Amino acid sequence: MRLFVSEGVPGCLPVLAAAGRARGRAEVLISTVGPEDCVVPFLTRPKVPVLQLDSGNYLFSTSAICRYFFLLSGWEQDDLTNQWLEWEATELQPALSAALYYLVVQGKKGEDVLGSVRRALTHIDHSLSRQNCPFLAGETESLADIVLWGALYPLLQDPAYLPEELSALHSWFQTLSTQEPCQRAAETVLKQQGVLALRPYLQKQPQPSPTEGRAVTNEPEEEELATLSEEEIAMAVTAWEKGLESLPPLRPQQNPVLPVAGERNVLITSALPYVNNVPHLGNIIGCVLSADVFARYSRLRQWNTLYLCGTDEYGTATETKALEEGLTPQEICDKYHIIHADIYRWFNISFDIFGRTTTPQQTKITQDIFQQLLKRGFVWQDTVEQLRCEHCARFLADRFVEGMCPFCGYEEARGDQCDKCGKLINAVELKKPQCKVCRSCPVVQSTQHLFLDLPKLEKRLEEWLGRTLPGSDWTPNAQFITRSWLRDGLKPRCITRDLKWGTPVPLEGFEDKVFYVWFDATIGYLSITANYTDQWERWWKNPEQVDLYQFMAKDNVPFHSLVFPCSALGAEDNYTLVSHLIATEYLNYEDGKFSKSRGVGVFGDMAQDTGIPADIWRFYLLYIRPEGQDSAFSWTDLLLKNNSELLNNLGNFINRAGMFVSKFFGGYVPEMVLTPDDQRLLAHVTLELQHYHQLLEKVRIRDALRSILTISRHGNQYIQVNEPWKRIKGSEADRQRAGTVTGLAVNIAALLSVMLQPYMPTVSATIQAQLQLPPPACSILLTNFLCTLPAGHQIGTVSPLFQKLENDQIESLRQRFGGGQLEETFDLKAKTSLKPAVVETVTTARPQQIQALMDEVTKQGNFVRELKAQKADKNEVAAEVAKLLDLKKQLAVAEGKPPEAPKGKKKK
Amino acid sequence: MAAAAELSLLEKSLGLSKGNKYSAQGERQIPVLQTNNGPSLTGLTTIAAHLVKQANKEYLLGSTAEEKAIVQQWLEYRVTQVDGHSSKNDIRTLLKDLNSYLEDKVYLTGYNFTLADILLYYGLHRFIVDLTVQEKEKYLNVSRWFCHIQHYPGIRQHLSSVVFIKNRLYTNSH
């Protein structure tokens, strides 16, 4: 037989690595052909590798060729291998092709490449670590390993694309890559050029569709019930029966909160918002709200928790704003600090301290760190060429100058950073610079500045990262950004600026200058704590006892992972450094970006005027938290999630459970006699609760919210199946059953109220007041599901928790907040289009129809659940499920953005 | 046809009694089978091969190493090519290639009926139904093979029977 291979074609890797298996059983001649040669007579498109068999048949599938070699060696096919190979062909290949295309053809880097394959890589890693075997299908290397290795090799041979946190994948890949047949195959196909060898081949491939592999979906995956062991059920029942007794005593409120030796001490910071802007929803979910959920969770775990934040007030941004508004910088700060504080108060953010950076403590601590760095030789002076505006008679610091980005050509790049490509800029490198105040062109002049010697500190930083990162919960994007900075090498950075509004530099000759904000803004966390307690050093110079969690959006990562740690390490004062750096991706608004200037998007102060309660905002923002990938705020989705998840699922369950207690049992929780079915439910709820804990301990806030909704879905189903409202009218046994079901349901409602506390604190408190949940049970969440409302407990008055959002209400909000870009483009399109009627039908599909379909889906969903619960005939169930799926599809179509939208935009 | 429905058809054609439950995963609705003894299986062709073994009809997976590899190749073709594309152009290329492949073959492996024939038949059904008489004639070998499989005992079940005309109508087009 003859094997046709080609250099630079990825499929040839596994085939060559597997060919050795056939040795001794058959003679394999290897022919090298061009990647575009048509070897197989019946295929229209070129295909390599190909195996021509002695019978004249052709194998043109990479996996089938490898499989054939393995079969010849006496290997038997098995389900697990089949499953891996099918997954490789249908899931991994599309994702990998996209990643390789982005990397090699489009020259993209980092997350833009990794984003499309991350899910697939994680899947392999999880499978390897879960089954505890070194190879995919068992103890020895087999077909699945070779096929997947060959597929992955071109990308993963560059360590930048083999995420370190996927340790099982890492060691599997290394093991295979060092084997001789694999090494030789890699040599033959990639010719030591790495992934670039694939360029000619990849250029001929179609461009991957943009949605491939990285579709942003807010939909939960179909839930599957896990199988439970008898032990798990027994343990859940024992824990439940212990009830309130197993709660530890409540920890007394401390003021101030200080670390305690021998306890878990959690210090949480949220990135300090710039004082001169009103934060938008993206800013809120990116740091303060995410950190708040974790802080509240941490307190529910009885960990010693301090959550702090504040406004970042120094810098050119404030000075320019002051010029704009005709106020002094101090007045600007005072004005906007209050706006910020009000917004966060409205969102129910549970800061222990919300401070500001313009305080004497800030000056004291910043100058102290600076003196330490100076003394140890990490700061030096240099003459700098700088832009000076002759007209304004001043040196222009970063934001006082604007121009074209030298990297991406963006017209409105700022003097320190480009908003478009995110790169840091040296102001003199800007093309066509302009003074922001008078719009005249500045000239270059020299002046003295101070520099932080980051290259000298790089080694210490790497040592620290090496100790900190393994086993920590740094988000993948934070690790990636940090590593890529280190790979490029750190450069000395200027830490002084020609401004008045800042921390003074305590050095002769620098009286006219202040510290650059990126040097002293992160020191704000320390000074804010110092304003809260004079014992602030117990938090900030105590790395052994304190666990520091820092929350931010991804653009803030370098300051927290590199700059501040370098300053702190250089100061040699035993500072507490970040243990877990939690960075979010970006939140978009409808189809675009939030923009204050264009009035697009919802800003913190406006959220209050929408009439939608803060908890609903919190819920939706957390539900779409840009965790792992960018996500988008959408009004229609907000309405859907409120009406389906909150109203129909969560609210409906909790309200029904409480109503049954009031209506059927006079407000007293009835006796519960658990049947095996009830015990299973206990165990399922316990399992989901434990899942919730695992996720939140890893700060996977969005995913943990899904656990709450899953429990409530279990609860709804439980009530639906057992029909306590019917049984209450039946025999003695029926009435007892109704009691058990009601009692268990109301206890699940009580558990949900506590789990919900980090996400929706007001709703949580309302439920707890309605159920009269005993105080310790409100403030502590254990890992087991306890009976906190025992038989005989009297509950309070039950009333509905959520309100339906109406379409016209949401439509008018959408218009008010400028989400109307899409409609606008549509109008434009309708006017120019030859067939306006077609466009019409798409746009009018919106409000009423969606609501009607949504109701239908809910109704049909309940019906199907009922049928399943009654163990109805399978065909009948299948028919109803088909209806449900069809309805869901219709709903998706109705909600979906019409396909013409992007084209319409170009015309703008 | 949803994957679960297709697997039910397959079960019946293999003479298996019903009793398997399928759930669907993700947006592509990939079928998942919860087996009694062991972990769940994911993927249409993986589950199909498992069912064949369950029915003790291993010969449907091929008898020789060569046949086994060919069966798996066409199963992969089914889930990546047939299910992957829906543009008219892709389908035309696919039918053209298949037509040329089947020129000297009765079944996909040559002379033996296998699981590859069953799943490719199920997968292509929705396209073949819509072909015009002229197109059916153009892809003559595919038509012959398809017509043959749909008359194979127990395969078609409730799927519509596609009519093929025995006499050539468009003699010059071929």
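The values are calculated or read from the model by the stated rules, or taken from the named source; none is laboratory data. It should be emphasised that the depicted structure is a prediction, and the values quoted were computed from it without experimental measurement. With ideal geometry, Cβ positions are generated from the backbone for all residues, glycine too; neighbour counts draw on all protein chains shown.
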Check your understanding: In the range A:430-440, how many are exposed (fewer than 14 other Cβ atoms within 10 Å of the Cβ) and either more than 21 Å from A:Ala322 (Cα to Cα) or among the hydroxyl-bearing types (Ser, Thr, Tyr) (or both)?
Key -> 3
Review point. Being among the charged types (D, E, K, R), in a helix (DSSP H, G or I) and either within 15 Å of A:Ala89 (Cα to Cα) or more than 7 Å from chain A (Cβ to nearest Cβ) (or both), is that true of even one residue in the range B:27-45?
Key: no
Revision key, fill the gap. Picking from A:Leu695, A:Leu650, A:Leu682, the residue that is among the aliphatic types (A, V, I, L, M) and under 23 Å from the mean Cα position of the chain (by Cα) would be A:Leu695
**Study point:** Hey, A:Val260 in a loop (DSSP other than H, G, I, E, B), aliphatic (A, V, I, L, M) and at pLDDT below 90 or not
**Key:** no
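Yes/no per residue for (1) in contact with a strand residue (DSSP E or B) (Cβ under 7 Å, 6 or more places away or on another chain); (2) more than 30 Å from A:Gln479 (Cα to Cα); (3) surrounded by 16 or more Cβ atoms within 10 Å (Cβ to Cβ); (4) not charged (D, E, K, R):
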residue: A:Ala571; (1), (2), (3), (4): no, no, yes, yes
residue: A:Leu587; (1), (2), (3), (4): yes, no, yes, yes
residue: A:Phe594; (1), (2), (3), (4): yes, no, yes, yes
residue: A:Met606; (1), (2), (3), (4): no, yes, yes, yes
residue: A:Ile612; (1), (2), (3), (4): no, yes, yes, yes
residue: A:Ile616; (1), (2), (3), (4): no, yes, yes, yes
residue: A:Leu622; (1), (2), (3), (4): no, no, yes, yes
residue: A:Arg625; (1), (2), (3), (4): yes, no, yes, no
Check your understanding: Quick check: is even one residue across the range A:700-711 buried (at least 18 other Cβ atoms within 10 Å of the Cβ), out of contact with any His (no Cβ under 7 Å at 6 or more places or on another chain), in contact (Cβ under 8 Å) with a residue 40 or more places away in the chain and not in a helix (DSSP H, G or I)?
Key -> yes
Practice item. Please go through the range A:69-87 and pick out each residue that is under 42 Å from the mean Cα position of the chain (by Cα), within 8 Å of chain B (Cβ to nearest Cβ) and either closer than 15 Å to A:Ala18 by Cα or not in a loop (DSSP other than H, G, I, E, B) (or both). Key: A:Asp79, A:Asn82, A:Gln83, A:Leu85, A:Glu86, A:Trp87
Review point. If a residue has to be crowded, with 20+ Cβ neighbours inside 10 Å and among the polar types (S, T, N, Q) to count, how many in the range A:91-107 make the cut?
Key: 1
Review point. A:Glu88 versus (1) acidic (Asp, Glu); (2) surrounded by 21 or more Cβ atoms within 10 Å (Cβ to Cβ); (3) free of Cβ contacts under 8 Å to residues at least 12 places away in the same chain: which is the lone unmet condition?
Key: (3)
Study note, to complete from the structure: Per the list (1) over 22 Å from the mean Cα position of the chain (by Cα); (2) closer than 18 Å to A:Asp473 by Cβ, residue check on A:Gly286 breaks on (1)
Review point. How many residues, within the range A:356-368, are surrounded by 20 or more Cβ atoms within 10 Å (Cβ to Cβ), within 22 Å of A:Pro565 (Cβ to Cβ) and out of contact with any Ser or Thr (no Cβ under 6 Å at 6 or more places or on another chain)?
Key: 1
Study note, to complete from the structure: Selection over the range B:72-94 where residues are more than 9 Å from every other protein chain (Cβ to nearest Cβ) and crowded, with 21+ Cβ neighbours inside 10 Å yields a count of 2
Exercise for review: Give just the number: which of (1) of a type outside the set (Lys, Arg); (2) more than 14 Å from chain A (Cβ to nearest Cβ); (3) touching a residue at least 24 places away in the same chain (Cβ under 8 Å); (4) in contact with a Lys or Arg (Cβ under 6 Å, 6 or more places away or on another chain) does B:Leu119 not satisfy?
Suggested key: (2)
Exercise for review: Please specify each residue of the range A:415-427 satisfying the condition of being closer than 20 Å to A:His449 by Cα, in contact (Cβ under 8 Å) with a residue 12 or more places away in the chain and either among the charged types (D, E, K, R) or surrounded by fewer than 16 Cβ atoms within 10 Å (Cβ to Cβ) (or both).
Suggested key: A:Asp416
Point to revise | Residues of the range B:2-17 classified as more than 20 Å from B:Gln81 (Cβ to Cβ), among the small types (Gly, Ala, Ser) and either at the interface with chain A (Cβ under 8 Å from one of its Cβ atoms) or assigned to a helix (DSSP H, G or I) (or both), total | key: 4
Revision key, fill the gap. Considering residues that are away from chain B (no Cβ under 12 Å) and either surrounded by fewer than 19 Cβ atoms within 10 Å (Cβ to Cβ) or within 43 Å of the chain's Cα centre (by Cα) (or both), the number found within the range A:25-51 is 14
Review point. Could you list, in sequence order, the residues of the range A:474-513 that are under 30 Å from A:Ile268 (Cβ atoms) and of a type in the set (Val, Ile, Thr)?
Key: A:Thr475, A:Ile481, A:Thr482, A:Ile495, A:Thr503
**Study point:** Single match in B:Asn56, B:Asn20 (criterion: out of contact with any helix residue (DSSP H, G or I) (no Cβ under 9 Å at 6 or more places or on another chain), more than 9 Å from chain A (Cβ to nearest Cβ) and modelled with pLDDT under 95)
**Key:** B:Asn56
Point to revise | strands (runs of 3 or more DSSP E) within the range A:378-489 that include 1 or more residues aromatic (Phe, Trp, Tyr) | key: A:379-389, A:443-452
Revision key, fill the gap. Checked against (1) buried (at least 23 other Cβ atoms within 10 Å of the Cβ); (2) outside any helix (DSSP H, G or I); (3) not hydrophobic (A, V, I, L, M, F, W, C), A:Gly715 satisfies every condition except (2)
Check your understanding: Of all residues in the range A:52-61 being of a type in the set (Ser, Thr, Tyr) and within 7 Å of chain B (Cβ to nearest Cβ), which is farthest from B:Tyr77 (Cα to Cα)?
Key -> A:Ser55
Exercise for review: Quickly run through the range B:65-98 and pick out the residues that are at pLDDT 95 or above and β-branched (Val, Ile, Thr).
Suggested key: B:Ile70, B:Val71
Check your understanding: Among the candidates A:Ala64, A:Ala98, which residue alone is more than 7 Å from chain B (Cβ to nearest Cβ), within 17 Å of A:Gly11 (Cβ to Cβ) and hydrophobic (A, V, I, L, M, F, W, C)?
Key -> A:Ala98
Practice item. Spot the failing condition for B:Ala69; the list is (1) at the interface with chain A (Cβ under 9 Å from one of its Cβ atoms); (2) crowded, with 20+ Cβ neighbours inside 10 Å; (3) under 23 Å from B:Tyr22 (Cα atoms); (4) free of Cβ contacts under 8 Å to residues at least 40 places away in the same chain, and only one is missed. Key: (3)
Revision key, fill the gap. Among (1) surrounded by fewer than 18 Cβ atoms within 10 Å (Cβ to Cβ); (2) among the polar types (S, T, N, Q); (3) not in a helix (DSSP H, G or I), A:Thr122 falls short only on (3)
Check your understanding: Is the range A:393-402 home to any residue that is without any contact (Cβ under 8 Å) to a residue 12 or more places away in the chain and surrounded by fewer than 17 Cβ atoms within 10 Å (Cβ to Cβ)?
Key -> yes
